[in-house]
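*Asks:* Below you will find the structure I want to go over with you.
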Amino acid sequence: MSDVRYPFTAIVGMADLRLGLLLNAVSPAVGGVLVRGEKGTAKSTMVRALAGLLPSITAVDGCRFACDPAAPDPQCPDGAHARAPGSARPARLVELPVGVSEDRIVGSLDLERALAEGVKAYEPGLLAQAHRGVLYIDEVNLLQDHVVDLLLDAAAMGRSYVEREGVSVRHAARFLLVGTMNPEEGELRPQLLDRFGLTVEIAATREPVERAEVVRRRLAYDADPAGFAARFAEDERALAARITAARELLAAVELTDTALRQITAVCAAFEVDGLRADIVMARTAVALAAWDGRTEVLAEDVRKAAQLALPHRRRRNPFDAPGLDEEQLDRLLEEHAQQEPEPEPEPAPPAAEGSQDDDPDPEGGPDGGGPQDGGPDGGPDGGGGGGAPEPSGPDGPPVEAPGPEAGEDAAAPQPVPAQHPSPARESAPVAAGDPYRTRLFAVDGTGRGAQGRRSPAETDGGHTVRARRPRGRLTRLHLSATLRAAAPHQVARGRSSRALVLHKDDFREQVRQGRESNLVLFVVDASGSMAARQRMTAVKGAVLSLLMDAYQRRDKIGMITFRGAAADLALPPTSSVEVGAARLESLPTGGRTPLAAGLLRAHEVLRVERLRDPDRRPLLVVVTDGRATGGGRDAVAQAHRAAGLLAAQGVASVVLDCESGPVRLGLARTLATRLRATAVTLDELRADGVASLVRENRPTTTASRKAA
């Protein structure tokens, strides 16, 4: 790979992304930018190119924290730097790898030297390297939540803190924060989205001419990086000079009362939580004015600031797509464009009795066309007023009753043809019911998977449960266990002072127990037997609720559907529950019930995932009424053999029993017995405050694992 960066000005298109990055370069107080887009859209290329445009900085010679000689950090671990000389150097671009640890980010203390020698041996982390530069987080949605929280806290406060067993180090950490992500690989929680100042959605252009120019420039760069960069050198210098000029103008920009009123009105109308959006919009609007060389914020600045700062803050649940109503935004800006609020009119003097201003019927009266009247704005003829229009009577046009796709109760009786579809018939997809809070399903035992919110596991966070000898470098000292291990040997080691004599074998580290994320694999029955009882709306609502629960607990999810003659992997294991919700919404029903094929496909998917990620434990959720009609006369026996195969592997499972009606065969509960799982009905899924149902089978599950 060439050391010559691709020029920022050579990027084709991507106007919003270019502007978002440049605004943060002008005013890092905006709070960073999150770039959301599909793969192959030059997200990383543009971020790396931005670093070459930033003005050079002057740093104290020998300072590992890039202190400014004109205003050094008084808490800098490398010293106060009074009248220290400095040298100019380019602003750094620090890239954060996906598998980064907390100690690598904030730095680490050598605890052995701190206890044995009494010195603060501190090794700076990536935050110290990024100070006064750019911190670039590629695939930010794949980082663990506590790592993202740590990064965003440092970006907001401009300072990093390291606390280890009473030893404290803190240093300045002000940087331009840029994160990129592919939404197909999973979303950030709304709380973390809100911490990014701006968000930009990007996609590759569909224009052939523009795509051809992108390819042409990339090939030219690969053939001769230095020559290609020289072609854009003048443009790069001009853009860098404009950034410097905008930074100098920033303090002189005036945020007028009108602009501030527009900002707060827009944030209130779009119902964003908290006041961070108002502050970010104000800073962005000021940066936009400075970028355009103006000293006053205009309505166009407020409008653009709203487009960059609000869409990602309006999500109310994980399945909402970021967005903004442009017409509503324009209307709000126009309504609050007056320089001063108009004074309220003075109350008119009481009118003389009998004058034309008297209104004996404030509700409209016989001639007023009010809600009591059947005129154009009220009553059954007008269709207005306070209620919805009534359906037309026998003399009006016929009204077609809505079917189950229009939101009808799934349990309501339907015409006979709809109750008994042909086995080969495929029904149109039905909408899912509203999601709700579900019970907690967890995997038995203690895992070692990625930190999450579902099953017990040994994690970097959580509470300390025991001590052990260090595995690798000591990072989480268990002080009392270390002292207990060293105490019996002090006489033999010739202790002659108050200080303990510690050896390497004395040190113990903490073992912390928290919760891990799991792979939740859904196996969904989409056969005709599910559609026959008009239960698919309720079933989809239940699965959607479990998907939302998986999102909140930071799980990976996968989905297998079975109907007709085979089972399909509708969604390979992924962190994107949005994709799972979309696949569920478009799921058709009909045909026979190849239950055995669905369970065997689940066994194969789990086998492959166990090789890819052995520490992530699976949770199988089978959504079915238990019928098996595909695969010949012994379809039920085949399904039970497939269930026994999964049980022998120790897979934690739950069967969501979708059987309904006055006469129930109990087939789903029989399947649950074969899986060594717990059967839960749709109604039982809604219960709150109940411990994990999977744990109810703890002795059986543990025994099966030992047998496996």
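The values are calculated or read from the model by the stated rules, or taken from the named source; none is laboratory data. Small disclaimer: the values here were computed from a predicted structure and weren't measured. Cβ: placed from backbone, ideal geometry, glycine included. Neighbour counts: every protein chain shown. Calculation scope for accessible area: heavy atoms of the full protein, side chains included, ligands and nucleic acids excluded. Shrake-Rupley method; radii C 1.70, N 1.55, O 1.52, S 1.80 Å.
*Asks:* Which one is most open to solvent (accessible area, probe 1.4 Å) among residues in the stretch 478-498 that are touching a residue at least 24 places away in the same chain (Cβ under 8 Å) and hydrophobic (A, V, I, L, M, F, W, C)?
*Replies:* LEU479
*Asks:* Would you be able to tell me the number of residues in the stretch 291-309 that are over 15 Å from ASN24 (Cα atoms) and open to solvent by 60 Å² or more (accessible area, probe 1.4 Å)?
*Replies:* 5
*Asks:* Among the residues of the stretch 161-199 satisfying the criterion of being at pLDDT 85 or above and assigned to a loop (DSSP other than H, G, I, E, B), which is nearest to PRO573 (Cα to Cα)?
*Replies:* PHE196
*Asks:* Select from the stretch 1-49 the residues that are over 12 Å from ALA204 (Cα atoms) and of a type in the set (Asp, Glu) and list them in ascending order.
*Replies:* Those that are over 12 Å from ALA204 (Cα atoms) and of a type in the set (Asp, Glu): ASP3, ASP16.
*Asks:* Further, regarding this structure: Go through the stretch 46-77 and report how many residues are among the hydroxyl-bearing types (Ser, Thr, Tyr) and crowded, with 17+ Cβ neighbours inside 10 Å. Full working, then the answer.
*Replies:* Looking only at the stretch 46-77, we keep the residues that are among the hydroxyl-bearing types (Ser, Thr, Tyr), and these are 56, 58.
Filter once more, keeping what is crowded, with 17+ Cβ neighbours inside 10 Å: none.
Total meeting the criteria: 0.
*Asks:* So which residues in the stretch 63-88 are in contact (Cβ under 8 Å) with a residue 60 or more places away in the chain and aliphatic (A, V, I, L, M), if there are any at all?
*Replies:* Within the stretch 63-88, just ALA66 meets the criteria.
*Asks:* Does LEU17 satisfy being open to solvent by less than 10 Å² (accessible area, probe 1.4 Å) and in contact (Cβ under 8 Å) with a residue 40 or more places away in the chain?
*Replies:* Criteria met by LEU17.
*Asks:* Here's another thing I want to ask about it. Being part of a strand (DSSP E or B), more than 30 Å from ALA467 (Cα to Cα) and open to solvent by less than 40 Å² (accessible area, probe 1.4 Å) is the requirement here; does LEU544 meet it?
*Replies:* Answer is no for this residue.
*Asks:* Are any of the residues in the stretch 219-226 among the charged types (D, E, K, R) and at pLDDT 90 or above?
*Replies:* yes
*Asks:* For LEU587, which of the numbered conditions (1) assigned to a loop (DSSP other than H, G, I, E, B); (2) open to solvent by 20 Å² or more (accessible area, probe 1.4 Å) fails to hold?
*Replies:* (2)
*Asks:* Right, next: Within the stretch 43-60, track down each residue that is hydrophobic (A, V, I, L, M, F, W, C), within 14 Å of VAL178 (Cβ to Cβ) and touching a residue at least 60 places away in the same chain (Cβ under 8 Å).
*Replies:* VAL47, LEU50, ALA51, LEU53, LEU54, listed by residue number.
*Asks:* Across the stretch 547-566, which residue is nearest to the chain's Cα centre (by Cα) among those that are open to solvent by 20 Å² or more (accessible area, probe 1.4 Å) and not basic (Lys, Arg)?
*Replies:* Checking each candidate, the answer is GLN552.
*Asks:* Same structure, new question: Restricting to the stretch 598-617, and then to whatever is under 14 Å from ILE560 (Cα atoms) and touching an Asp or Glu at 6+ places or on another chain (Cβ under 9 Å), can you tell me which residue is surrounded by the most Cβ atoms within 10 Å (Cβ to Cβ)?
*Replies:* GLY598
*Asks:* Now, a different point. Which one of these does ARG508 not meet: (1) open to solvent by 30 Å² or more (accessible area, probe 1.4 Å); (2) over 19 Å from SER108 (Cα atoms)?
*Replies:* Status for ARG508: all satisfied but (2).
*Asks:* Wholly within the stretch 1-111, which strands (runs of 3 or more DSSP E) include no fewer than the required count, namely at least 1 residues that are modelled with pLDDT of 85 or more and more than 27 Å from GLU123 (Cα to Cα)?
*Replies:* Result: 33-37.
*Asks:* For residues that are buried (at least 18 other Cβ atoms within 10 Å of the Cβ), in a loop (DSSP other than H, G, I, E, B) and within 23 Å of the chain's Cα centre (by Cα), tally how many sit in the stretch 125-160.
*Replies:* 2
*Asks:* Output the number of the condition that ALA220 fails; it satisfies all remaining conditions of (1) more than 33 Å from the chain's Cα centre (by Cα); (2) in contact (Cβ under 8 Å) with a residue 24 or more places away in the chain; (3) surrounded by 14 or more Cβ atoms within 10 Å (Cβ to Cβ).
*Replies:* Answer for ALA220: the failing condition is (2).
*Asks:* Additional query: Give me the pairs, please: first residue somewhere in the stretch 182-197 and more than 15 Å from ALA550 (Cα to Cα), second residue anywhere and part of a loop (DSSP other than H, G, I, E, B) and modelled with pLDDT of 70 or more, beta-carbon distance under 7 Å, and either six or more positions apart or on two chains.
*Replies:* ASN182/GLU38; ASN182/LYS39; PRO183/SER576; GLU184/SER576; PHE196/GLY31; PHE196/GLY32; GLY197/GLY31; GLY197/GLY32
*Asks:* Follow-up. Any residue in the stretch 596-609 that's of a type outside the set (Lys, Arg): show its pairings with residues that are in a helix (DSSP H, G or I) and surrounded by 21 or more Cβ atoms within 10 Å (Cβ to Cβ) at Cβ separation under 6 Å, as long as the two are six or more apart or on different chains.
*Replies:* Filtered contacts from the stretch 596-609: ALA596/ALA639; ALA596/ALA642; LEU599/ALA642; LEU599/ALA643; LEU600/ALA642; HIS603/LEU646.
*Asks:* From ALA628, ALA648, ALA642, which residue is touching a residue at least 12 places away in the same chain (Cβ under 8 Å) and in contact with a His (Cβ under 8 Å, 6 or more places away or on another chain)? Outline the logic, then answer.
*Replies:* On the way: ALA628 fails: in contact with a His (Cβ under 8 Å, 6 or more places away or on another chain); ALA648 fails: in contact with a His (Cβ under 8 Å, 6 or more places away or on another chain).
None of the other options fit; the residue is ALA642.
*Asks:* Name every residue in the stretch 89-113 that is of a type in the set (Lys, Arg), open to solvent by 70 Å² or more (accessible area, probe 1.4 Å) and in contact (Cβ under 8 Å) with a residue 24 or more places away in the chain, in order of residue number.
*Replies:* Result: ARG92, single match.
*Asks:* Looking for whichever is among the hydroxyl-bearing types (Ser, Thr, Tyr), surrounded by 16 or more Cβ atoms within 10 Å (Cβ to Cβ) and out of contact with any helix residue (DSSP H, G or I) (no Cβ under 6 Å at 6 or more places or on another chain) here; the options are THR459, THR464, THR475, THR446. Which one fits?
*Replies:* Testing whether each residue is among the hydroxyl-bearing types (Ser, Thr, Tyr), surrounded by 16 or more Cβ atoms within 10 Å (Cβ to Cβ) and out of contact with any helix residue (DSSP H, G or I) (no Cβ under 6 Å at 6 or more places or on another chain) leaves just THR459.
*Asks:* Only residues in the stretch 275-289 that are surrounded by fewer than 23 Cβ atoms within 10 Å (Cβ to Cβ) count as the first member; pair them with residues that are among the hydrophobic types (A, V, I, L, M, F, W, C) and not in a helix (DSSP H, G or I), Cβ under 8 angstrom, at least 6 apart or cross-chain, and list the lot.
*Replies:* ALA282/LEU255
*Asks:* Which numbered condition in (1) surrounded by fewer than 20 Cβ atoms within 10 Å (Cβ to Cβ); (2) not in a helix (DSSP H, G or I) is the only one that VAL622 fails?
*Replies:* Of everything listed in (1) surrounded by fewer than 20 Cβ atoms within 10 Å (Cβ to Cβ); (2) not in a helix (DSSP H, G or I), VAL622 misses just condition (1).
*Asks:* Given the conditions (1) at pLDDT 80 or above; (2) within 30 Å of TYR551 (Cα to Cα); (3) not in a loop (DSSP other than H, G, I, E, B), and given that ASP444 satisfies all but one, which numbered condition is not satisfied?
*Replies:* (3)
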